[in-house]
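Participant: My structure is below; once you've seen it, I'll send some questions.
Every read-out reported here was derived from the displayed coordinates using simple, explicitly stated rules and does not represent laboratory data. All figures in this text were calculated on a predicted structure; none of them were measured in a lab. All Cβ positions, glycine included, derive from the backbone under ideal geometry; neighbour counts span all protein chains shown.
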Amino acid sequence: MPHAVMNYVPQESFRKKEMSIKAIPKEMQRMYWCQSRSAACLICLTEGPDESGQPLRRDCSCRGESSGFIHLSCLVKYAEQKAEQWDGRDLSEFREPWKVCPNCCQNYQNELAVDLAAKFVTFVEGKYLGDRQKQLEALYLKLDALLH
């Protein structure tokens, strides 16, 4: 059986790339990593930015070269649909799609958590204007995201 041919890349080019990547802020690292690995949105399955030019994001516990990346716009549409399907019994189920990754079932973190919580507040204010309980849930989630 023939051996697989591997391209030789000197170790110093790996070290240079690692050092140059470390000097970039974390959000930019994620964008670079995402674009260089051809990751796709787990909802719409498209690679790269969404229609408005926003990049793929991943701020949960998903791991792997292409696992868990998502467009904020796709995530908002998904969360809106799940919230509209809510059966009215457990309020935490109404909040869950705005807080928890559907892939790894862990809470979103950092800027993605804050951005998604802000979209949740906007959604609730527009759809459930007179419902104080849902408004408080959305505001609580936003406050929690800002504090963590």
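Participant: Relative contact order of the stretch 29-148, please, whole-number percent, based on alpha carbon pairs below 8 angstrom and at least 6 residues apart. Kindly include the intermediate steps, with their values, before the conclusion.
Facilitator: On the way: 154 pairs, mean separation 23.8, N = 120.
Relative contact order, the stretch 29-148: 20 percent.
Participant: Equivalent-ellipsoid semi-axes (√(5λ), Cα gyration tensor) for the stretch 39-148, whole Å, largest first? Please list the in-between numbers first.
Facilitator: On the way: eigenvalues 114, 39, 34 Å².
Its equivalent ellipsoid spans semi-axes of 24, 14, 13 Å.
Participant: Ranked highest first by average number of other Cβ atoms within 10 Å, how do 64-75, 43-54 line up? Please list the in-between numbers first.
Facilitator: Working: 64-75: 18.2, 43-54: 12.4.
For the peptides 64-75, 43-54, the packing ranking is 64-75, 43-54.
Participant: Related question: Can you give me the distance in nm between label points at residue 127 and residue 47, each placed 7 Å from the Cα along the Cα-to-Cβ direction?
Facilitator: 3.3 nm
Participant: Let me ask something else about it. Starting from the Cα of residue 61, step 7 Å along the direction of its Cβ; do the same at residue 77; then give the gap between the two resulting points in nm.
Facilitator: 2.9 nm
Participant: Where does each of 124-130, 138-144 land if you order them by average Cβ count within 10 Å, highest first?
Facilitator: 138-144, 124-130
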